[in-house]
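A.B. asks: Here you go, one structure.
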Amino acid sequence: MAYKAALFDLDGVVVDTESQYTKFWGSVGRQYFPEQPDFAEKIKGSTLVQIYDRYFKGETEKQQTITKGLDDFERSMDYAFIPGFRAFIDKLRANDIKTAVVTSSNIAKMENVYRAHPDFKSLFDAILTSEDFDKSKPDPDCYLKAAQRFGFQSDECVGFEDSINGLKAVKAAKMMCVGLATTNSEEVVAQYADIVIDNYLSDNVNAREQYNKVVGLFV
């Protein structure tokens, strides 16, 4: 069957920001948990609320300090697209595929993305942020709401994710899952995804084969 909608997580899927977040959370880990050198890796794919609940529960002052630091950091981040993304989404839209961002980021974060890409909103038929969801990934709520936004069933949609929580959310929503090996290794992503890609390019034989598989889901 040809799928009707492509639903994209943001960080590590649309914009190449994961390495930047690793830098920020690495500094947080060194400050508050020097005994955990892999702190930045442990929190990947978690929402800010989930991080606070797990590591800073009840520590309001620390939470406020981290939130301010994160807000400042995000204002200065580079929101470059994942290689090949722009051409890929243009191809989908030329074939009348509905497109949506499904992100745990909030509206304030998205304003930074819009400043970096003034035409960002025009690339998508819908942009769903954390304010639109009742439950966070790995719960499927966000992807189910995106499908409902278009009036589609889950089996008519493809979810694109990179984090383990995100991949689990797509599968829990009973959707076809394309995993990007931008945050985790291909071996890890392959445990959850139906198709794994490094990016949206087809510049070598293996990449071209995977790219064609993804395009073939829609056209």
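The values are calculated or read from the model by the stated rules, or taken from the named source; none is laboratory data. Nothing here was measured: the structure is a model prediction, and the numbers come from that model. The protein model used for the area step is the full one, side chains on, heavy atoms only, and it has no ligands, DNA or RNA in it. Shrake-Rupley method; radii C 1.70, N 1.55, O 1.52, S 1.80 Å.
A.B. asks: So for Tyr211, Tyr79, what's the accessible-area order with a 1.4 Å probe, most first?
C.D. replies: Putting Tyr211, Tyr79 in descending order of accessible area: Tyr211, Tyr79.
A.B. asks: Among [x] 26, 18, 16; [y] 31, 25, 19; [z] 29, 18, 17, which is the computed semi-axes √(5λ) of the Cα gyration tensor in Å?
C.D. replies: [z]
A.B. asks: While we're looking at this one, here's another question. In percent, what relative contact order does segment 19-99 have, based on Cα pairs under 8 Å that are 6 or more apart in sequence?
C.D. replies: Working: 29 pairs, mean separation 15.4, N = 81.
In percent, rounded to a whole number, it is 19.
A.B. asks: Output the pairs from Lys42/Lys135; Lys23/Lys98; Lys145/Lys213; Lys42/Lys68; Lys44/Lys171; Lys135/Lys168 with a Cα-Cα distance over 23 Å in this structure; if there are none, say none.
C.D. replies: Lys23/Lys98; Lys145/Lys213
A.B. asks: If you don't mind, another one. For Cα pairs less than 8 Å apart in space and 6+ apart in sequence, what is the mean separation divided by the residue count of the chain, i.e. the relative contact order in percent?
C.D. replies: Taking the mean separation of contacting Cα pairs over the length of the chain, I get 25 percent.
A.B. asks: Could you pull the accessible area for Val219 with a 1.4 Å probe, rounded to 10 Å²?
C.D. replies: 90
A.B. asks: Can you list residues from other chains, or at least 5 along the same chain, whose modelled amide H is less than 5 Å from the amide H of Ser104?
C.D. replies: For Ser104, the qualifying residues are Leu10.
A.B. asks: Solvent-accessible area of Thr60, probe 1.4 Å, all protein chains present, reported in Å² to the nearest ten, please.
C.D. replies: 80
A.B. asks: Kindly write out, for segment 183-189 in residue order, the coupling ³J(HN,Hα) from the Karplus curve 6.51 cos²θ - 1.76 cosθ + 1.60 (θ = phi - 60°), rounded to whole Hz, with x marking Gly and Pro.
C.D. replies: 10, 10, 5, 4, 5, 5, 4
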